[in-house]
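Worksheet for the structure shown next.
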Amino acid sequence: MNKTIGILGCGWLGLPLATELVNTHYQVVGSTTTQEKLKQLKKIGITPFLIQLSETGIEGDIQGFLKDVDVLLINVPPRLRSTPKEDYVKKISHLHKALIAAKIKMVIFISSTSVYGDHQGRVTEATLAEPSSESGKQLLAAEDLLRNDRNLNVTIIRFGGLIGPNRHPANFVAGKTGLSNGMAPVNLIHLDDCVGLIRTVIANNPTNLLINGVYPLHPSKQAYYTEEATKKGIAPPSYLPSSNDKNHKIIENAPEIVKIYQYHTSIIS
């Protein structure tokens, strides 16, 4: 019998993942923060729950949500752009207490390569995380909170820049001029590979893995965004002249990660 998967956060990533898991005969319970989305989740075949994490606690039936879950995916990123003073770690600490009460054993926590901060050169899972942004700092603290619980089997997936339907970085730089770091490589991953990687983790039942989720090709920002903008019929960005400095950040996967998942969806549209 397939596992029951809990997806906390059925948004841009969580909903396609939940849909794919339902289509491959997993039992899926999913959360949303909006009443209107409950019917959509139920129609897909997801058992829906209205759950809201906050700094003061958890709103909604978190006990019911976690009751029969074998694997919990935590897909609730910090919202520091809209709420700069948010204590994301406190929100995850409330969730952690709920996991203990529900005796959850396996967790997949969706994080970000922003935890590596300004590190230059080749970055793998063995690279020391030294975040420079507040978001990266809080994500790393949340990772540590979960990983330090010896009763949890926690896999951390640090995704690079996310691209896919209605989400492409070329749209954000279209027509802009005087941009710097044109020779810096991109570290991106397509939504389909995010879903595929998470499904592979669930199927392989790994123990306490740390994974960088980034497509293995890294064209320069200037080359990549110019080509993608041209394909989309939007104004390409313009970059300042720069030296071909090879000491930029290139985020890679450790060999043991490559063994369990082969990226298949190109970042090139």
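The values are calculated or read from the model by the stated rules, or taken from the named source; none is laboratory data. Being a predicted model, the structure only gives us computed values, none of them experimental. Here Cβ is always computed from backbone atoms with ideal geometry, including for glycine, and neighbour counts include all displayed protein chains.
So, in region 78-104, of the ones that are under 20 Å from the mean Cα position of the chain (by Cα) and small (Gly, Ala, Ser), which residue ends up farthest from Leu139 (Cα to Cα)?
Ser82
Could you tell me which numbered condition Ile92 fails, if it satisfies all but one of (1) of a type in the set (A, V, I, L, M); (2) farther than 17 Å from Val214 by Cβ; (3) in contact with an Asp or Glu (Cβ under 7 Å, 6 or more places away or on another chain)?
(3)
Test of understanding: among Tyr239, Tyr263, which residue is modelled with pLDDT of 90 or more and either touching a strand residue (DSSP E or B) at 6+ places or on another chain (Cβ under 8 Å) or on the phi < 0 side of the Ramachandran plot (or both)?
Among Tyr239, Tyr263, only Tyr239 is modelled with pLDDT of 90 or more and either touching a strand residue (DSSP E or B) at 6+ places or on another chain (Cβ under 8 Å) or on the phi < 0 side of the Ramachandran plot (or both).
Name the residue that is farthest from Lys259 (Cα to Cα), counting only residues in region 205-225 that are surrounded by 19 or more Cβ atoms within 10 Å (Cβ to Cβ) and polar (S, T, N, Q).
Gln222
Being surrounded by 15 or more Cβ atoms within 10 Å (Cβ to Cβ) and of a type in the set (Phe, Trp, Tyr), is that true of even one residue in region 153-172?
yes
When the residues of region 17-56 are narrowed to those that are assigned to a helix (DSSP H, G or I) and surrounded by 20 or more Cβ atoms within 10 Å (Cβ to Cβ), which ends up nearest to the chain's Cα centre (by Cα)?
This residue is Leu17.
Would you check which residues across region 66-86 are surrounded by 15 or more Cβ atoms within 10 Å (Cβ to Cβ), out of contact with any Ser or Thr (no Cβ under 6 Å at 6 or more places or on another chain) and of a type outside the set (Val, Ile, Thr) and list them?
Leu66, Leu72, Leu73, Asn75, Pro77, Glu86
Filter region 70-88 down to residues that are within 23 Å of Gly213 (Cβ to Cβ) and not hydrophobic (A, V, I, L, M, F, W, C) and give me whichever is modelled with the lowest pLDDT.
So, considering only residues that are within 23 Å of Gly213 (Cβ to Cβ) and not hydrophobic (A, V, I, L, M, F, W, C), the one modelled with the lowest pLDDT is Arg81.
Filter region 89-144 for residues that are hydroxyl-bearing (Ser, Thr, Tyr) and closer than 27 Å to Gly60 by Cα; which is modelled with the lowest pLDDT?
The qualifying residue modelled with the lowest pLDDT is Ser135.
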